[in-house]
1. Taking the alpha-carbon set of the chain, what are its Rg and Dmax in Å?
2. Compute the relative contact order of the stretch 205-281 as a whole-number percentage, counting only Cα pairs closer than 8 Å that sit 6 or more residues apart in sequence.
3. Go through 457-463, 377-383, 71-77 and give me the packing order, highest mean Cβ count within 10 Å leading.
4. Please give the charge dipole size of the stretch 211-296, origin at the Cα centre, charges +1 on K and R Cβ atoms and -1 on D and E Cβ atoms. Round to the nearest 20 debye.
5. Which aspartates and glutamates have a Cα less than 13 Å from the Cα of LYS236, not counting those fewer than 8 places away in the same chain?
6. How tilted is helix 57-66 with respect to the longest principal axis of the chain? Cα atoms for both, answer in degrees (0 to 90, nearest 10).
7. Let's test the formula: R0 of 30 Å, r as the Cβ-Cβ distance of GLU230 and GLU290. What FRET efficiency results, to the nearest 0.05?
8. Can you find, among TYR202, VAL299, PHE379, the residue sitting farthest towards the positive end of the charge dipole of the chain, where Lys and Arg contribute +1 and Asp and Glu -1 at Cβ?
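Any read-out appearing in this document is the output of simple, stated calculations on the displayed coordinates, not a laboratory observation. This structure is a prediction, so every number in the text was calculated from the model and none was measured. Cβ: placed from backbone, ideal geometry, glycine included. Neighbour counts: every protein chain shown.
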Amino acid sequence: MNQILFISPSEQGANKARDIIFRHHMKVDVWVGSWENARNYAEQAIKQGVKVIISRGGTAALLRHSLDTAIIKVRFTSAAYLEAFERLRSVEGKIAFFVLDTMPSFISHFCKLLNIDACYYSYTGDKDVEEAVKKAKADGCHFGVGGVLAKNYARLYDFSYYTLENTEDEIELALDSAQQTLSSIIQEEKHHRELQLKLEQYEAVLNYTHDGILAINKEGNIVVVNRQAEEILPLKNKPYEGKYIEEVFPSSKLSSVLRTGEKEMDELMKTGNVVINTNRIPIMVNGKIEGVVATFKDVDSIRNSEQKIRTNLHKRGMIARYRFSDIVGESKVMKRAIYMAKSFAKYDANILIQGEIGTGKEMFAHAIHHESQRRNHPFLAVNCSNISADRLTRQLLGREKEGELFGSPESQEGAFELAHGGTLFLDKIDEAPLEAQSDILRILEDNEVCRINGRHTISVDVRIIASAGNGLQKKCK
């Protein structure tokens with residue numbers, strides 16, 4: 001079904017519409033029927049995709065009153081009455097003119113020019129049209145001119161009646177108007193869909209980002225608060241939108257940023273037992289502060305996210321490749337070494353493996369990890385020999401790009417972070433630069449790392465397995 005429907009109470013009007021539609025290649029459906037059935041048909045047509053309906057007189061008024069869709073009325077102009085006046089020349093006696101709503105002034109002018117004895121009756125709908133016909137009958141009128149509504153009652157009161165028909169120009173004007181209306185509706189629907197999509201995207205960004213987001217306007221009233229902010233922050237006095245920030249979250253410090261216009265980035269704040277990483281950024285429009293937006297992230301959630309990253313890295317290859325069954329050796333010394341390694345694997349203590357080059361120290365490290373409670377977490381090996389202190393430190397600690405936020409795309413995790421929850425194998429630890437050894441010792445004591453250029457320490461849970469040659473005691477001396 002097309003999106004424009006022309007409803008006509010007469011076959012004559014419908015045929016005129018069909019001719020125009022055919023000539024101009026319009027996509028319009030035409031239906032002929034009484035005004036009593038027009039509403040039901042129109043309702044079904046709307047369900048099938050009709051967006052604009054064209055009709056005349058009382059039918060158009062009925063549809064406008066009962067349907068929530070665009071109704072284009074085919075208006076009667078003086079041209080439609082000219083044919084009627086040709087017929088009225090031979091009519092004797094009083095003639096009643098029935099018009100929906102307001103009586104056009106040109107009707108009385110024509111009647112005076114043609115010396116027609118006329119009475120004029122206006123009505124607003126089906127309920128009062130019968131009264132208009134009865135009054136015309138009482139006034140001595142025996143012939144009526146008007147639309148379909150009055151015609152139905154004229155028959156009941158033995159009235160001769162002439163039904164007005166629209167001219168082709170009037171119908172074509174209505175069809176053109178309907179096409180313009182349809183074009184506007186389609187554009188409006190497209191714009192509405194785009195706005196709806198943007199709104200849904202906006203809501204998705206707000207409610208499915210990991211950060212809590214809260215924004216205030218220049219008066220300090222809350223305009224945005226997402227689901228995560230409600231979960232992370234100790235907000236009160238719900239609903240929050242429209243309320244002054246100090247009433248909802250007194251410790252937010254957003255009012256301070258609103259006054260100073262200075263952003264506050266990557267700060268830690270404590271609310272209850274929760275430590276939160278927050279950024280507060282002024283909203284500037286044409287150099288003026290129009291509000292403040294703040295992001296909040298629970299530090300524990302940051303750690304959990306990093307753990308997931310570490311787990312993914314683990315799945316991509318940070319796993320122990322060897323088991324004790326892969327270590328081949330029949331000597332008593334080898335069997336005793338395997339027995340001791342299996343025993344140590346059950347405990348979470350750090351381990352130092354000593355031996356000559358080529359004796360399988362790394363295989364033992366892999367096997368110990370695989371036998372331990374950390375087997376489902378990362379295993380990462382770092383070669384500490386033939387490397388500068390700066391490079392080894394960067395490899396172990398990671399780094400932040402100077403001036404960037406914690407966790408930015410430019411950040412680089414170190415080996416301790418990547419091995420979080422698992423095992424870090426420091427191969428040839430005895431050949432590591434002394435400066436790097438001091439960093440390793442501090443991490444082992446504190447279970448925390450601070451990336452190069454970083455401003456925050458990061459808790460790590462790592463088991464260390466280190467290897468060294470047999471000359472370690474001499475180096476210590």
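1. When restricted to the Cα atoms of the chain, Rg and Dmax are 43.6, 138 Å.
2. Dividing the mean separation by the residue count of the stretch 205-281 yields 20 percent.
3. Numbers: 457-463: 18.0, 377-383: 22.1, 71-77: 20.0.
Answer by packing, highest mean first, reads 377-383, 71-77, 457-463.
4. Details: 11 positive and 12 negative charges, 28 e Å.
In total the dipole reaches around 140 debye.
5. LYS236 reaches GLU246, GLU247.
6. Between helix and principal axis, roughly 30 degrees.
7. Details: r = 24 Å, r/R0 = 0.80.
After rounding, the FRET efficiency stands at 0.80.
8. With unit charges placed on the Cβ atoms, the residue in question is PHE379.
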